[in-house]
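The values are calculated or read from the model by the stated rules, or taken from the named source; none is laboratory data. None of these values were measured; they are calculated from a predicted model. FYI the Cβ positions are ideal-geometry reconstructions off the backbone, even for glycines, and counts take in every protein chain you see.
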Ligand code: HEC
Ligand code: HEC
């Protein structure tokens, strides 16, 4: 074969190789360039978002937690928190009683759960619960973590009325939940621990801060609060001694005290025995966990039984020295407060309402 002929064959071959390669490349590219299928409506309604920044006044970080929340677990937990399918009749979600606009509490003395049944206690707010001085959850501290707590209401006969097994069976039938369990936990298994963890992580991101009180106290903005609020602050941390129990960023010692709520002087009994049922210590009769006070103005009525309608009523309860009873906490004493000072304490409590973007329920759920 002559040299030119060899060259012609070689260049032709090379050309076909190039054309083939080009065709393969174009085919490959067009597959890669094809727009991905649009995300389902529920994902658009609840995308993965970064963990929130700490608001002014919260001196903690997620990093200091032993197992910090992840954005994927928080997204999944947000769905689960608002999803009524976790209850036996498909009508009650955590958010039925823990409503975002009331600091995840509700404006009623008692909660109404499945089949319109009423419980005996007020739904507490869920803000800044990621960090607590003691791991006490519920008014009587019967759960030791948010994970343990989250499973309680699902199987509580007057709350969501379900069993854990039935709840897992229902969720397991919703195929479109599976990719989000994979994103959150690495595999698509749906089990109690994962449901609890995801809900607890969502709860950890419910924050309150940047209140007028923080802007005055932390950033020294003198115009952030009124003179009444400043006087209320002085009383709260001074002669009224409120900070003996309401302390730290969230204004709670997360411990138990009897301030006399629910004591009936005639029958000498408590409507609710509180902590003593759990601790089996009679000294703890009528004792309840000190509630945090951030956003307190958003969720009247007050106390574990919702028996006080206004903040002024709560302050006056302390002015008169609580309700005398055999287990009354010795820190509760009659207070020498004038009506103007009582009003200043109320103004202080109102200045604890945070300025954090309000949570909303997801508009769509995996179906
Ligand atoms: C029917 C109303 C109702 C439903 C539904 C409900 N809760 Fe509650 N929640 C309450 C009440 C009432 C309490 C206080 C009960 C107690 O202390 O004994 C409470 C307490 C809590 C607490 C304790 C807060 C603290 O400071 O100790 C958390 C956290 C909480 N609920 C989260 C949830 C989650 C998560 C769900 C859904 C899985 C849920 N709740 C469903 C009414 C409800
Ligand atoms: C001995 C500890 C202690 C002291 C001191 C104390 N508190 Fe409390 N506070 C509690 C406990 C415990 C509760 C819940 C009691 C219950 O529900 O039975 C509570 C409840 C409250 C509530 C209702 C919050 C809610 O979410 O329902 C307000 C408001 C409040 N306290 C403000 C004050 C003020 C103001 C002072 C000072 C005048 C004060 N506290 C002093 C322990 C204390």
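Just wondering, is there one or more residues in region 151-166 that are within 16 Å of ligand 2 (Cβ to nearest atom) and either touching a residue at least 24 places away in the same chain (Cβ under 8 Å) or not assigned by TED's automatic domain parsing to the domain that holds residue 113 (or both)?
Checking region 151-166: not a single residue is within 16 Å of ligand 2 (Cβ to nearest atom) and either touching a residue at least 24 places away in the same chain (Cβ under 8 Å) or not assigned by TED's automatic domain parsing to the domain that holds residue 113 (or both).
Among the residues in region 70-77, are any more than 16 Å from ligand 1 (Cβ to nearest atom), exposed (fewer than 11 other Cβ atoms within 10 Å of the Cβ), within 29 Å of residue 248 (Cβ to Cβ) and not assigned by TED's automatic domain parsing to the domain that holds residue 250?
No: region 70-77 contains no residue that is more than 16 Å from ligand 1 (Cβ to nearest atom), exposed (fewer than 11 other Cβ atoms within 10 Å of the Cβ), within 29 Å of residue 248 (Cβ to Cβ) and not assigned by TED's automatic domain parsing to the domain that holds residue 250.
Mind listing whichever residues of region 94-103 are more than 8 Å from ligand 1 (Cβ to nearest atom) and either in a loop (DSSP other than H, G, I, E, B) or at pLDDT below 95 (or both)?
103
Quick one: in region 226-246, which of the residues that are without any contact (Cβ under 8 Å) to a residue 12 or more places away in the chain and in a loop (DSSP other than H, G, I, E, B) is nearest to residue 128 (Cα to Cα)?
237
Quick one: in region 249-267, which of the residues that are away from ligand 1 (no atom under 14 Å from the Cβ) and under 21 Å from residue 133 (Cβ atoms) is nearest to the chain's Cα centre (by Cα)?
249
With the checklist (1) surrounded by fewer than 21 Cβ atoms within 10 Å (Cβ to Cβ); (2) farther than 27 Å from residue 158 by Cα; (3) within 16 Å of ligand 1 (Cβ to nearest atom) in hand, flag the one item residue 43 doesn't pass.
Just one mismatch for residue 43, condition (3).
Could you check how many residues of region 113-141 are under 22 Å from residue 77 (Cα atoms) and within 15 Å of ligand 2 (Cβ to nearest atom)?
Qualifying residue count, region 113-141: 11.
If I ask for residues that are part of a loop (DSSP other than H, G, I, E, B) and under 13 Å from residue 240 (Cα atoms), which ones from region 332-355 would you list?
Listed by number, the residues that qualify are 332, 333, 334, 335, 336, 337, 338.
Taking residue 98 as meeting all but one of (1) surrounded by 20 or more Cβ atoms within 10 Å (Cβ to Cβ); (2) within 14 Å of ligand 2 (Cβ to nearest atom); (3) within 22 Å of residue 300 (Cβ to Cβ); (4) in contact (Cβ under 8 Å) with a residue 60 or more places away in the chain, write down the number of the exception.
(4)
Restricting the search to region 295-306, which residues are out of contact with any helix residue (DSSP H, G or I) (no Cβ under 8 Å at 6 or more places or on another chain) and more than 12 Å from ligand 1 (Cβ to nearest atom)?
Of everything in region 295-306, those that are out of contact with any helix residue (DSSP H, G or I) (no Cβ under 8 Å at 6 or more places or on another chain) and more than 12 Å from ligand 1 (Cβ to nearest atom) turn out to be 295, 301.
Residue under question is residue 277, and the condition is that it be surrounded by fewer than 18 Cβ atoms within 10 Å (Cβ to Cβ), assigned to a helix (DSSP H, G or I) and assigned by TED's automatic domain parsing to the domain that holds residue 342; does it hold?
yes
Using the structure shown, decide if residue 223 is outside any loop (DSSP other than H, G, I, E, B), surrounded by fewer than 18 Cβ atoms within 10 Å (Cβ to Cβ) and either touching a strand residue (DSSP E or B) at 6+ places or on another chain (Cβ under 7 Å) or not assigned by TED's automatic domain parsing to the domain that holds residue 88 (or both).
Yes.
Quick check on region 156-179. Is at least one of its residues in a helix (DSSP H, G or I), at pLDDT below 95, in contact with a helix residue (DSSP H, G or I) (Cβ under 8 Å, 6 or more places away or on another chain) and near ligand 1 (Cβ under 10 Å from one of its atoms)?
No: zero hits.
Taking the condition within 14 Å of ligand 1 (Cβ to nearest atom) and either assigned to a loop (DSSP other than H, G, I, E, B) or not assigned by TED's automatic domain parsing to the domain that holds residue 142 (or both), does residue 317 pass?
The answer is no for residue 317.
Tell me which residues, restricted to region 306-339, are touching a residue at least 60 places away in the same chain (Cβ under 8 Å) and within 7 Å of ligand 2 (Cβ to nearest atom).
Passing the criteria: 318, 329, 331, 332, 335.
Here are the criteria: (1) within 16 Å of ligand 1 (Cβ to nearest atom); (2) over 28 Å from residue 357 (Cβ atoms); (3) under 26 Å from the mean Cα position of the chain (by Cα). Tell me which single one residue 309 does not satisfy.
All conditions pass for residue 309, except number (1).
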